[in-house]
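Visitor: Following this message is one structure expressed as structure tokens.
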Amino acid sequence: MKLITANFLTCAVKGCKASPASFPLHFRDAELELQELDFQPDFIRNIVPRIDWHALQIMANELGFPKILDKKPEGDELKDEQILKELHRLLLETHINEGKLTCGNCGHEYLIKEGIANFLLPSHLV
Amino acid sequence: MLPTPCTSHVSFDTIYEPSEDSYLFLDTLASPSESAWLTQRFNATSSSPNQSTASPLVVELGTGSGVVLGFVAANSQVIFGRRDILPLGIDVNRNACIATRETANKAIKERQTDNESEANCQKTVYLSSVMADLGSSLRPGSVDVLMFNPPYVPSEDLPRLPSVTEQDVDESGMSRSAKFERDSYFLSLTYAGGRDGMETTDRLLEEIPGLLAPGRGVAYVLFCAQNRPQEVKERIRAWGDGWQAATVGNSGQQAGWEKLVIVRIWKETA
């Protein structure tokens, strides 16, 4: 599972949707793998507007990556190849193969196995 | 005609084998009229630095073999006029999630080669497959394009959803009859739609306004004649607030009682 995926995921429990604590989900015990991919600067430039920057900061920190920019890059920063390359590595080349995603609101844990996160819920939470 | 993604790596024990409905999805999205509509909606060359240049998140629910999502990913230039779409596949079946990941990656590799003569040498990147019930795991308002080929066949009972852990068990120790039962159950999830074949689709329709991205989100849902698509479209228009529903693809008469249509659902902003 590419790290960018977590930018679009939230807790599957209905009651958590309205809570700000349900996003981002928090990675635990994550086993990471770097899978190289062609660097496409234009591609990253169009992805940046989709990213919740605060959430990405939290996720990068939890996964032990060096600190990312304080603010979402804009203007000339989006022409800075170094910035784009770091984002390319973090968002597209970083895979989470095993681990958990946990909800900051209800504490529910979603298991990641073979790169597939399982968001099916036990019957008492449906 | 654009090639159908290869699914030779997929075991159809628990996964729906690409059929007429899947192909109708491919043909509809790749049709000149629908591609033109999508390309205009997701125009990547917009000169104003607004939201419309942002990569569209393209989600398929119930991917099965991944033939539809793989096709859309591999042919993103034809369908959306851009390659930087973000395809995400969701299915309740773990095998389908794994199969879709492979189908999509293979199809992209096959169709998007390092051809210098091509105007666009970008490559689409398949994000991930996720196990979930419909759109339950997705952030509200995040989906730009939603595709759903539902379990639409009317059935007496609606099969239950898989439990969280039942797909973690090792199949190799299973008896032949236990495996048969399990495979039949997973296949029933791919087609059995309960009352009018609409029980799962109705749940999805309820989710649509919350899932689609404000301003540019659009959903494509397949119906068979017994789902009474005309009534469904009326119901969607009755949501008000600019919601639209239009038939944008159909399988013609030759399919007999299982005449299929694809309905586009979107919101017209004033």
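Visitor: Working only within the stretch A:71-91, note down all residues that are out of contact with any Lys or Arg (no Cβ under 6 Å at 6 or more places or on another chain) and either aliphatic (A, V, I, L, M) or surrounded by 18 or more Cβ atoms within 10 Å (Cβ to Cβ) (or both).
Guide: Across the stretch A:71-91, the qualifying residues are A:73, A:83, A:84, A:86, A:87, A:88, A:90, A:91.
Visitor: Please specify each residue of the stretch B:220-236 satisfying the condition of being more than 21 Å from residue B:20 (Cβ to Cβ) and either of a type outside the set (Lys, Arg) or in a loop (DSSP other than H, G, I, E, B) (or both).
Guide: Of everything in the stretch B:220-236, those that are more than 21 Å from residue B:20 (Cβ to Cβ) and either of a type outside the set (Lys, Arg) or in a loop (DSSP other than H, G, I, E, B) (or both) turn out to be B:231, B:234, B:236.
Visitor: With the condition kept exactly as written, say whether any residue in the stretch B:131-138 is within 30 Å of residue B:78 (Cβ to Cβ), in a loop (DSSP other than H, G, I, E, B) and at the interface with another protein chain (Cβ under 8 Å from one of its Cβ atoms).
Guide: Yes: one or more hits.
Visitor: Let me ask something else. Kindly evaluate residue B:140 against the criterion of being within 25 Å of residue A:14 (Cα to Cα), surrounded by 15 or more Cβ atoms within 10 Å (Cβ to Cβ), in contact (Cβ under 8 Å) with a residue 40 or more places away in the chain and over 17 Å from the mean Cα position of the chain (by Cα).
Guide: yes
Visitor: Being closer than 30 Å to residue B:56 by Cα and part of a strand (DSSP E or B) is the filter; apply it to the stretch B:142-159 and report the residue that is nearest to the other protein chains (Cβ to nearest Cβ).
Guide: For the stretch B:142-159, the residue satisfying everything is B:143.
Visitor: Let me ask something else about it. For residues that are within 12 Å of another protein chain (Cβ to nearest Cβ) and farther than 28 Å from residue B:123 by Cα, tally how many sit in the stretch A:25-47.
Guide: Counting residues in the stretch A:25-47 that are within 12 Å of another protein chain (Cβ to nearest Cβ) and farther than 28 Å from residue B:123 by Cα gives 1.
Visitor: Do we have residue A:68 as in a loop (DSSP other than H, G, I, E, B) and either crowded, with 16+ Cβ neighbours inside 10 Å or within 11 Å of chain B (Cβ to nearest Cβ) (or both) here?
Guide: Spelling it out, residue A:68 is indeed in a loop (DSSP other than H, G, I, E, B) and either crowded, with 16+ Cβ neighbours inside 10 Å or within 11 Å of chain B (Cβ to nearest Cβ) (or both).
Visitor: Which residue out of A:117, A:60 is in contact (Cβ under 8 Å) with a residue 24 or more places away in the chain, buried (at least 16 other Cβ atoms within 10 Å of the Cβ), more than 14 Å from chain B (Cβ to nearest Cβ) and closer than 25 Å to residue A:37 by Cβ?
Guide: The unique qualifying residue is A:60.
Visitor: Please list, ordered by first then second residue, the pairs with beta carbon atoms under 9 Å, 6 or more apart or interchain, first in the stretch A:1-22 and among the aliphatic types (A, V, I, L, M) and surrounded by fewer than 20 Cβ atoms within 10 Å (Cβ to Cβ), second modelled with pLDDT under 95 and in a helix (DSSP H, G or I).
Guide: These pairs meet every condition: A:13/A:125.
Visitor: I'm told residue A:124 meets every condition in (1) more than 13 Å from the chain's Cα centre (by Cα); (2) assigned to a loop (DSSP other than H, G, I, E, B); (3) more than 9 Å from chain B (Cβ to nearest Cβ); (4) not hydroxyl-bearing (Ser, Thr, Tyr) except one. Can you identify the failing condition by its number?
Guide: Every condition holds for residue A:124 apart from (2).
Visitor: Is it true that some residue in the stretch A:94-109 is at the interface with chain B (Cβ under 9 Å from one of its Cβ atoms), over 16 Å from residue A:7 (Cβ atoms), touching a residue at least 12 places away in the same chain (Cβ under 8 Å) and not hydrophobic (A, V, I, L, M, F, W, C)?
Guide: Within the stretch A:94-109, not a single residue is at the interface with chain B (Cβ under 9 Å from one of its Cβ atoms), over 16 Å from residue A:7 (Cβ atoms), touching a residue at least 12 places away in the same chain (Cβ under 8 Å) and not hydrophobic (A, V, I, L, M, F, W, C).
Visitor: Find all pairs meeting these conditions: Cβ atoms under 8 angstrom apart; at least six residues apart or on different chains; first residue within the stretch B:194-214 and on the phi > 0 side of the Ramachandran plot; second residue buried (at least 17 other Cβ atoms within 10 Å of the Cβ) and in a helix (DSSP H, G or I).
Guide: From residues that are on the phi > 0 side of the Ramachandran plot, the pairs are B:194/B:200; B:196/B:227; B:197/B:227.
Visitor: Looking at the structure I just gave you, is residue A:83 more than 9 Å from chain B (Cβ to nearest Cβ), in a strand (DSSP E or B) and closer than 21 Å to residue A:58 by Cβ?
Guide: no
Residue-by-condition table, conditions (1) in contact with a Lys or Arg (Cβ under 7 Å, 6 or more places away or on another chain); (2) aromatic (Phe, Trp, Tyr); (3) within 24 Å of residue B:220 (Cβ to Cβ):
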{"position": "B:121", "(1), (2), (3)": "no, no, no"}
{"position": "B:128", "(1), (2), (3)": "yes, no, yes"}
{"position": "B:136", "(1), (2), (3)": "no, no, yes"}
{"position": "B:140", "(1), (2), (3)": "yes, no, yes"}
{"position": "B:147", "(1), (2), (3)": "no, no, yes"}
{"position": "B:155", "(1), (2), (3)": "no, no, yes"}
{"position": "B:161", "(1), (2), (3)": "no, no, yes"}
{"position": "B:165", "(1), (2), (3)": "no, no, no"}
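Visitor: Then there's this: Just checking: which of the helices (runs of 4 or more DSSP H) contained wholly in the stretch B:56-127 hold 1 or more residues that are farther than 15 Å from residue B:38 by Cα?
Guide: B:67-74, B:94-111
Visitor: Looking at the stretch B:160-177, I want the residues that are within 9 Å of chain A (Cβ to nearest Cβ) and at negative phi and have a partner that is part of a helix (DSSP H, G or I) and polar (S, T, N, Q) with Cβ atoms under 7 Å, at least 6 apart or on another chain. Which pairs are those?
Guide: Final answer for the pair search is none.
Results for (1) more than 12 Å from the chain's Cα centre (by Cα); (2) surrounded by 23 or more Cβ atoms within 10 Å (Cβ to Cβ), shown as yes or no for each residue.
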site	(1), (2)
B:32	yes, no
B:60	no, yes
B:74	yes, yes
B:103	yes, yes
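The values are calculated or read from the model by the stated rules, or taken from the named source; none is laboratory data. None of the values given here were measured: they were computed from a predicted structure. Cβ coordinates were reconstructed from backbone atoms using ideal geometry, including for glycine residues, and neighbour counts include every protein chain displayed.
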